[in-house]
Amino acid sequence: MHIARTLDDLRTAVARLKQNGAVALVPTMGALHEGHLALVDEAAKAADHVVVSIFVNPKQFGPNEDLDAYPRQPERDADLLRARNVAILWLPPVDVMYPQGFATNISVSGVSEGLCGGARPGHFDGVATVVTKLLLQVQPDVALFGEKDYQQLAVIRRFVADLNLPVAIKGVAIQRAEDGLALSSRNVYLSETERDTAPRLHQTLQDAALALTSGASAPETLANAAARLEEAGFGPIDYLELRDAGDLALMDALDRPARLLVAARLGRTRLIDNIAVTP
Ligand code: AMP
């Protein structure tokens, strides 16, 4: 595995790969787990060579968020990726991502609004800007993103289409622990007791999805689910909403393919999850 730390080095290494096959990119913030590795495995199916980037992007963290505390384990990450036959690990320096005088912002309206965009102002500008840069740096044939960050995937699909970026975007299903908790780098923040409670988030989504597909009213189902989460110890709940699976428009009845999305705090940890709900 080649580890690239400068843009010149990255470009030379990618050009070499492209001479004999298609390239897939998996952007991450590191502290890798099986969720990230599932993206790498899908990437290996979608292309001949896999490039993984690790960059903890300051621009997508709010002023009171966990940028400094965010877990970092570069050597372990590199070992995991090496074992997965990743061709290039791209570790962009901050001054390549945000050079002196950096003044450009990619901002996506519509799908960025509400949900995590409402709870974390500026977050999706940070995501869209950094992902645009990563796509232009690596110029992959395909890039893979997890459905764990469902709104992020929708935002990325939107600007890639709007800007005619020549890359295919592939979403990958959420990888979960055996008890249903969606894998996340932030799960290391959970205390033992919180870790025991955490799977209730997914269970509540599953039960709500079942109620909705059985014809229960959406507002009532969402209110019940929120009450159940609060009883279990979650709170505050940033959002628990039924949205159109494609454009993320708010829905008040299950009349087309939808996604039920939640973000809630458990102690000091903010957990997100989502589930497909089909009429
Ligand atoms: P992150 O390092 O948290 O920015 O995540 C990098 C990529 O991995 C994003 O596309 C995430 O959606 C994806 N990802 C993170 N956790 C999971 C998971 N449990 N299942 C599937 N994809 C995931």
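Failed condition for residue 78, given (1) farther than 15 Å from residue 1 by Cβ; (2) in contact with a strand residue (DSSP E or B) (Cβ under 8 Å, 6 or more places away or on another chain); (3) away from the ligand (no atom under 13 Å from the Cβ); (4) part of a helix (DSSP H, G or I), with all others met?
(1)
What number of residues in the stretch 14-28 are crowded, with 19+ Cβ neighbours inside 10 Å and outside any strand (DSSP E or B)? First the steps, then the outcome.
From the stretch 14-28, those crowded, with 19+ Cβ neighbours inside 10 Å are 14, 17, 23-28; that's our starting set.
Then drop every residue that is not outside any strand (DSSP E or B), which leaves 14, 17.
Total satisfying the criteria: 2.
Scan the stretch 150-167 and report the pairs whose first residue is free of Cβ contacts under 8 Å to residues at least 60 places away in the same chain and within 13 Å of residue 124 (Cα to Cα) and whose second residue is acidic (Asp, Glu) and surrounded by fewer than 20 Cβ atoms within 10 Å (Cβ to Cβ), with Cβ atoms within less than 8 Å and a gap of 6+ or a chain change.
Listed pairs, sorted by first residue: 153/147.
Is one or more of the residues making up the stretch 51-74 away from the ligand (no atom under 13 Å from the Cβ), surrounded by 18 or more Cβ atoms within 10 Å (Cβ to Cβ) and more than 18 Å from residue 149 (Cβ to Cβ)?
Among the residues of the stretch 51-74, at least one is away from the ligand (no atom under 13 Å from the Cβ), surrounded by 18 or more Cβ atoms within 10 Å (Cβ to Cβ) and more than 18 Å from residue 149 (Cβ to Cβ), which makes the answer yes.
Mind counting the residues in the stretch 5-45 that are within 15 Å of the ligand (Cβ to nearest atom) and of a type in the set (Asp, Glu)?
Residues in the stretch 5-45 being within 15 Å of the ligand (Cβ to nearest atom) and of a type in the set (Asp, Glu): 3 in total.
Can you tell which of 201, 210, 222 is surrounded by 17 or more Cβ atoms within 10 Å (Cβ to Cβ), in a helix (DSSP H, G or I) and away from the ligand (no atom under 13 Å from the Cβ)?
Values: 201 fails: away from the ligand (no atom under 13 Å from the Cβ); 210 fails: surrounded by 17 or more Cβ atoms within 10 Å (Cβ to Cβ).
Only one candidate qualifies: 222.
Answer yes or no: is there a residue in the stretch 72-83 that is closer than 19 Å to residue 31 by Cβ, in contact (Cβ under 8 Å) with a residue 60 or more places away in the chain and touching an Asp or Glu at 6+ places or on another chain (Cβ under 7 Å). Steps first, answer last, please.
Initially, the stretch 72-83 is screened for residues closer than 19 Å to residue 31 by Cβ, giving 72-83.
When the remaining residues are screened for being in contact (Cβ under 8 Å) with a residue 60 or more places away in the chain, the result is 78, 81-82.
Next, only the ones that are touching an Asp or Glu at 6+ places or on another chain (Cβ under 7 Å) stay: none.
Looking through the stretch 72-83, none of the residues is closer than 19 Å to residue 31 by Cβ, in contact (Cβ under 8 Å) with a residue 60 or more places away in the chain and touching an Asp or Glu at 6+ places or on another chain (Cβ under 7 Å).
For the stretch 101-146, name all the residues that are without any contact (Cβ under 8 Å) to a residue 60 or more places away in the chain, among the hydrophobic types (A, V, I, L, M, F, W, C) and in a loop (DSSP other than H, G, I, E, B).
Once the filter is applied, which keeps residues that are without any contact (Cβ under 8 Å) to a residue 60 or more places away in the chain, among the hydrophobic types (A, V, I, L, M, F, W, C) and in a loop (DSSP other than H, G, I, E, B), the stretch 101-146 yields 102, 103, 106, 108.
Of all residues in the stretch 124-142, which are closer than 16 Å to residue 46 by Cβ and within 9 Å of the ligand (Cβ to nearest atom)?
Across the stretch 124-142, there are no qualifying residues.
FYI, it's all coordinate maths here, none of it is from the lab. Note that the structure is predicted; figures quoted are calculated from it, not measured. Here the Cβ is made from the backbone with ideal geometry for all residues, glycine too, and neighbour counts use every protein chain on show.
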